[in-house]
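Written out below as structure tokens is the structure these notes cover.
The values are calculated or read from the model by the stated rules, or taken from the named source; none is laboratory data. These numbers come from a predicted model, not from an experiment. FYI the Cβ positions are ideal-geometry reconstructions off the backbone, even for glycines, and counts take in every protein chain you see. Each accessible area value is taken on the protein alone, full model and side chains, heavy atoms only, with ligands, DNA and RNA left out. Shrake-Rupley method; radii C 1.70, N 1.55, O 1.52, S 1.80 Å.
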Amino acid sequence: MNYVVFDLEWNQCPYGKEKEIKRLPFEIIEIGAVKLNKDREYVDRFHRIIKPAVYTKLHFRTKEIVKLEQEDLDGGIPFVEAVREFFAWAGSDALFCTWGTIDLTELQRNMKYHKVLHLLRGPLHYYDVQKLFAVNYEDMKSRRSLEYGIDYLKLEKKMDFHQALSDAWYTAEIFQRIDMDVMLAYDSIDVYQNPKTKKDEIHAVYNGYSKFISREFRTKEEAMADREVRATHCCLCGRNARKKLWWFSVNSKNYYSIAVCPVHGYLKGKIRLKKTDEGRFYVVKTIKVSSEPEAEEIRGKKEEVREKRRRKRQEEKRKEGKK
């Protein structure tokens, strides 16, 4: 088993968002990676520049950030060739590590566009080093830049940032300094390739919270009517918790609830509705240990939502009355 710490750079449509291809908003132009062994010791590195096939001209912001010139891309290799070489180099037992959640999503989106998504089966367990840094060194919730992490740990800056290989190297430097207990307790799940059937649904338990990732549904309403989606089980003991505040929406994507476990007390539930590229829906539900003050805060949030909706209805009635 090896850890493969990778970073991507990508280009976007240079002619404005209205002319971009919706299935590929970002086209990968560089892959950089560092391989670590099971003891997180440096083993090897990988680097490829990719010749773009969709957005063949560099967007001016991309050029500023990644410091690549048009001739660099013109001398690159096709994406499919680069990604096949990357996976061959990584090996079948690779555990991927990235800074944040975006790189794995964009890698798979590019693979799907080029019809090679079968090379990487998902959902994927991986290590989000940005999250691990927050858990290990800060407040668990912060999401810092890679350069901030390097400065925080007082590590030497040997290379420029915003280049795929150097960013992969810096990410590996931070990953090597994460406590093993933290690393093992806080792995992440990428669900760009989300569960398709009930037997594929994911139930994961972490330190102080649990995560459920549902199969696909045709509509939001169908998703929220599912019994498993609405269920609230204690993330510590698995008992069915008694609802104190039923699921309510604060917008079209996020729902909250409060429940009480007879043994472990208050639990906070959050549902995020996700939409696939094909327009179907699935749910990512987290249940966390909570407290009475946090429960009151969520109850207040529900009252705020209820009041906003009441005012909106009154305003709509008032406008109707003027017609």
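Just a few scattered comments:
- Filter result for the condition that a residue is more than 26 Å from the chain's Cα centre (by Cα) and of a type in the set (Lys, Arg), over 38, 57: 57
- Any hit, region 69-84, residues being open to solvent by 20 Å² or more (accessible area, probe 1.4 Å), touching a residue at least 24 places away in the same chain (Cβ under 8 Å), of a type outside the set (S, T, N, Q) and part of a strand (DSSP E or B): yes
- So residue 26, is it in contact with an Asp or Glu (Cβ under 7 Å, 6 or more places away or on another chain), open to solvent by 50 Å² or more (accessible area, probe 1.4 Å) and farther than 19 Å from residue 175 by Cα: yes
- Of the criteria (1) in contact with a Ser or Thr (Cβ under 9 Å, 6 or more places away or on another chain); (2) closer than 25 Å to residue 131 by Cα; (3) open to solvent by 70 Å² or more (accessible area, probe 1.4 Å), which one residue 207 fails: (1)
- Residue check for residue 53: in contact with a Phe, Trp or Tyr (Cβ under 9 Å, 6 or more places away or on another chain) and either modelled with pLDDT under 90 or among the hydrophobic types (A, V, I, L, M, F, W, C) (or both): yes
- Scanning region 95-115 for residues that are hydrophobic (A, V, I, L, M, F, W, C) and open to solvent by less than 10 Å² (accessible area, probe 1.4 Å) yields a total of 4.
- Here residue 4 clears all of (1) open to solvent by less than 10 Å² (accessible area, probe 1.4 Å); (2) in contact with a Leu (Cβ under 6 Å, 6 or more places away or on another chain) except the condition numbered (2).
- Here residue 126 clears all of (1) open to solvent by less than 60 Å² (accessible area, probe 1.4 Å); (2) without any contact (Cβ under 8 Å) to a residue 60 or more places away in the chain; (3) touching a Cys at 6+ places or on another chain (Cβ under 8 Å) except the condition numbered (2).
- Taking residues in region 156-171 that are closer than 18 Å to residue 41 by Cα and part of a helix (DSSP H, G or I), and partners anywhere that are open to solvent by less than 70 Å² (accessible area, probe 1.4 Å) and of a type in the set (Ser, Thr, Tyr), the pairs with Cβ atoms closer than 8 Å and at least 6 places apart or on different chains are 171/98.
- Answer from 138, 173, 147 - the residue that is out of contact with any His (no Cβ under 8 Å at 6 or more places or on another chain), modelled with pLDDT of 95 or more, surrounded by fewer than 16 Cβ atoms within 10 Å (Cβ to Cβ) and acidic (Asp, Glu): 147
- Leading residue by the ranking (farthest from residue 222 (Cα to Cα)) among those in region 235-283 that are free of Cβ contacts under 8 Å to residues at least 12 places away in the same chain and open to solvent by 50 Å² or more (accessible area, probe 1.4 Å): 240
- Region 29-55, subset among the charged types (D, E, K, R) and in a strand (DSSP E or B), residue surrounded by the most Cβ atoms within 10 Å (Cβ to Cβ): 30
- Some residue of region 211-221 being over 26 Å from residue 121 (Cβ atoms), out of contact with any Ser or Thr (no Cβ under 9 Å at 6 or more places or on another chain) and loosely packed, with under 13 Cβ neighbours inside 10 Å: yes
- Failed item in (1) free of Cβ contacts under 8 Å to residues at least 40 places away in the same chain; (2) in contact with a helix residue (DSSP H, G or I) (Cβ under 9 Å, 6 or more places away or on another chain); (3) not in a loop (DSSP other than H, G, I, E, B), with residue 88 passing the rest: (2)
Rundown of residues vs (1) over 21 Å from the mean Cα position of the chain (by Cα); (2) assigned to a helix (DSSP H, G or I); (3) under 30 Å from residue 34 (Cβ atoms), yes/no style:
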site	(1), (2), (3)
134	no, yes, yes
142	no, no, yes
177	yes, no, yes
194	no, no, yes
222	yes, yes, no
